[in-house]
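Let me begin by presenting the structure, written as structure tokens, before commenting on it.
The values are calculated or read from the model by the stated rules, or taken from the named source; none is laboratory data. None of these values were measured; they are calculated from a predicted model. Cβ atoms come from the backbone with ideal geometry, glycine included; neighbour counts cover every protein chain shown.
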Amino acid sequence: MRPTRKCEFCGKTFVPRSGMQKYCSEECQAEAKRLRKKRQQDLINGIEPIMDLQHQEYLTFSKAAILMGCTRQYIYKLVANGKLKASRLSSRMAFVRKADIEKMFEGNPYKRVIPYGKRKPSCKPKTTNKQEPTKGKEENEVLDYYSGEEVMSIYKVKKSWLYTSARRNKIPMCRIAGKNYYSKRHIDVFFGTAVDIHSITEWVTADDVEEVFSMSKSALRAYTYRHKIPTKREYGRTYYSKEHLEELRRTDLMSDDNYYTTEQVQQLYGLTSANICHIVRAHHISKVKVGVKNLLLKTDVERAMAERAAKGL
């Protein structure tokens, strides 16, 4: 059985006629020779410009980019930043001196960049003595302080959560004898307890609010912050004052006969939502917002409809 060989150009298997044959056909041999000459010419074309630049003292921006192995736009950037000197002879001709390129490299030696997370710690000694309270908006203000244990006992929060929240919300604090003390006023405002929470008897969770008032948890957090509803946190759960929520949401008005909902007005008078909005503004109808719904005072609605009927509308 005659030995076979793989063509170095097309990869086909063939039976060589001699031990020196590398290609399966004359076409593959000619094509391989053409590609070999092309690679040689490309190498020469790439080296020749650099060899020519070795004997030139003044370079255009394009040739300077070839010499440095970068783009022409980067040369423009170096010149614009003042790192590389250039001379403009006309509106379309500018040159860079090779000596200035070498001078630029000599003036900018390589320096190791240490990542931020791997920097060596400072050698300054840490003081464990009494620290000054963190400055807030009011400077030179005498503040009453809670100890960390008092905050954890009153609001039922963890030590790590308290410290992180105080740092994140810039609550003034100080450290004395290894213990953290937090500004009483800022803690009360942060927990929404500017009022006396001990006088509030009914509390609801976020799940209860979602069921009763049809509010999502994100909407509840925003609503609580906007209206300063008292809250308390116990063992990782947040509770909201039911009394304040009911006072603001006015859920009792939904069953009040003195008010119409927008849907009821649409059914009674055959109006669209846009018509109702216009009538409310034009006739000064009193309205109350309960959740996502608007309640319209029944007497004002009937008065406005009577006026429209008198005008033939």
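Some notes on this structure:
- Only one of 101, 154 that is of a type in the set (A, V, I, L, M, F, W, C), more than 34 Å from the chain's Cα centre (by Cα) and at pLDDT 75 or above: 101
- Matching option when the condition is free of Cβ contacts under 8 Å to residues at least 24 places away in the same chain, assigned to a loop (DSSP other than H, G, I, E, B) and surrounded by 13 or more Cβ atoms within 10 Å (Cβ to Cβ), among 24, 28: 24
- Filter pass, residue 226 being charged (D, E, K, R) and at pLDDT below 75: yes
Results for (1) assigned to a helix (DSSP H, G or I); (2) outside the structural domain of residue 168 (by TED's automatic domain parsing); (3) at pLDDT below 90; (4) of a type in the set (S, T, N, Q), shown as yes or no for each residue.
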{"site": "64", "(1), (2), (3), (4)": "yes, yes, yes, no"}
{"site": "78", "(1), (2), (3), (4)": "yes, yes, no, no"}
{"site": "89", "(1), (2), (3), (4)": "no, yes, yes, no"}
{"site": "96", "(1), (2), (3), (4)": "no, yes, no, no"}
{"site": "125", "(1), (2), (3), (4)": "no, yes, yes, no"}
{"site": "133", "(1), (2), (3), (4)": "no, yes, yes, no"}
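- Output for the stretch 263-305, where each listed residue is touching a residue at least 40 places away in the same chain (Cβ under 8 Å) and either in contact with a strand residue (DSSP E or B) (Cβ under 8 Å, 6 or more places away or on another chain) or assigned to a loop (DSSP other than H, G, I, E, B) (or both): 291, 292, 295, 298, 301
Quick grid of which residues meet (1) in a helix (DSSP H, G or I); (2) under 48 Å from the mean Cα position of the chain (by Cα):
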{"residue": "33", "(1), (2)": "yes, no"}
{"residue": "37", "(1), (2)": "yes, no"}
{"residue": "55", "(1), (2)": "no, no"}
{"residue": "73", "(1), (2)": "yes, yes"}
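- Residue pairs whose Cβ atoms lie under 6 Å apart, separated by 6 or more positions or on different chains, with the first residue in the stretch 213-239 and farther than 20 Å from residue 169 by Cβ and the second surrounded by 12 or more Cβ atoms within 10 Å (Cβ to Cβ) and among the charged types (D, E, K, R), are 213/249; 235/156.
- Candidates 239, 235, 260 - the one that is of a type outside the set (Val, Ile, Thr) and in contact with a Phe, Trp or Tyr (Cβ under 7 Å, 6 or more places away or on another chain): 239
- Condition met for residue 89 (under 30 Å from residue 7 (Cα atoms) and exposed (fewer than 13 other Cβ atoms within 10 Å of the Cβ)): no
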